[in-house]
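Quick notes on the structure that follows.
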Amino acid sequence: MKKVLFIDRDGTLAIEPPVDYQLDSLEKLEFYPKVFQYLSKIATELEYELVMVTNQDGLGTESFPEDTFWPAQNKLIQAFENEGVVFSEVVIDKTFPHENAPTRKPRTGLLKKYIDSENYDLENSFVIGDRLTDVELAKNLGAKAIYINNVKGLADTEVSVEKETLEATIALETIDWKIVYEFLKLEDRCAEITRNTNETKIYIKVNLDGSGKNDISTGLHFFDHMLDQIGRHGAMDLTVKVDGDLEVDEHHTIEDTMIAFGELFQKALGDKLGIERYGFCLPMDDCLAQVAVDFGGRNWLEWDAEFKREKIGDMPTEMFFHLFKSFTDGAKCNLNIQASGVNEHHKIEGIFKAFAKAMKMAVKRDANNMFLPSTKGML
């Protein structure tokens, strides 16, 4: 199935004339910075069909004659084709007056073939535009949106409400085609896992490219607190739901959760192309925690941290080593963990925060260097 980028023209590809909003002459034609460089990379590197969708209210009327429109439009199309950017279709709505016209964005009258055909993957397609109507078009198509707020003076609260309501994927204060390219190329790495045994029932979902939004419930409050550190400081969205045999003890809940979390991490990393692979050292009051990681495909844990208390919160301190060992087994990574200090709570929280930062560092990707960080050719 084909994925599509439905791209608005004025305010997205070409700068919209600020006076009459009509791009009706060659003198008015001015392109956005970096649009050729990065739209060309999108066209050649990514698997999207490109479709231009634009409202040109009253085109063909006396106030907006076609003979003034087409020279600039044809020049624009030719300029992009010269850079390897070919639009499979250019969809123009000319309706005037346009109130409630079924063909005018955000309505989908001119895009029926994409909706009706089984050949298009609209769920993973995008509308890119500088109006909230472009975001609404995405909703009407069942697609996602990349919204550029070029309209100065539009209240932030209004934009936020609309974006949330219409589920815009990302919003930019002004068009930056480098960001658009990187966003499209580096799709969010999401995965989920269900692991049920006679001792535990576990569901975990992760987005490695999230923003630290967590929903965690394991039945162990301190364990929840530590997993929340991973999500927040690792900038990943994390959902963890665990129903374990806590009436026996904490062991199975902690161990099985971390095994599943490690396996999920390995799954979410996918082919590992472009990742940094290695990753943090941080102080927390009296303590110093150091965590080094290598997602090299082999599991190993080196542990240098001692705890004098039997429990911190409702977690046995003997489980701290074991939970990180369980993670390395599932994620197939090397971990080297060291911590020193006096306060036991600070010590283990410092470890979890450093672990989160190490994860964030190691899974970071570079869109311009999507190669495997290994001389072996595999990780």
Among the residues of the range 86-93, is there at least one that is among the aliphatic types (A, V, I, L, M), touching a Leu at 6+ places or on another chain (Cβ under 6 Å) and in a strand (DSSP E or B)? yes
Only one of GLU310, GLU255, GLU306, GLU302 is in contact with a Ser or Thr (Cβ under 7 Å, 6 or more places away or on another chain), at pLDDT 90 or above and farther than 25 Å from ILE202 by Cα; which? GLU310
Residue satisfying all of: in the range 175-190; out of contact with any Phe, Trp or Tyr (no Cβ under 8 Å at 6 or more places or on another chain) and hydrophobic (A, V, I, L, M, F, W, C); nearest to ASN149 (Cα to Cα) among these: ILE179
Exclusive hit being among the charged types (D, E, K, R) and either closer than 25 Å to LEU132 by Cα or not assigned by TED's automatic domain parsing to the domain that holds ALA138 (or both), set LYS75, LYS41, LYS34: LYS34
Across the range 176-210, the tally of residues that are out of contact with any helix residue (DSSP H, G or I) (no Cβ under 9 Å at 6 or more places or on another chain) and exposed (fewer than 14 other Cβ atoms within 10 Å of the Cβ) stands at 3
Could you give every pair whose Cβ atoms fall below 7 Å, whose first residue belongs to the range 27-55 and is surrounded by fewer than 17 Cβ atoms within 10 Å (Cβ to Cβ), and whose second residue is part of a strand (DSSP E or B), counting only separations of at least 6 or pairs across chains? GLU30/ALA14; PHE31/ALA14; GLU47/LYS3
Condition broken by LEU269, with the remaining ones in (1) at pLDDT 95 or above; (2) closer than 18 Å to ASP294 by Cα satisfied: (1)
Hey, could you check the range 332-379 for residues that are surrounded by fewer than 22 Cβ atoms within 10 Å (Cβ to Cβ), in contact with a helix residue (DSSP H, G or I) (Cβ under 7 Å, 6 or more places away or on another chain) and of a type in the set (Gly, Ala, Ser) and say which is modelled with the lowest pLDDT? ALA367
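The values are calculated or read from the model by the stated rules, or taken from the named source; none is laboratory data. Just so we're clear, the structure is a prediction, and the values are computed from it rather than from any experiment. When we count neighbours, we look across all protein chains shown, and the Cβ atoms used for this are built from the backbone with ideal geometry, even at glycine.
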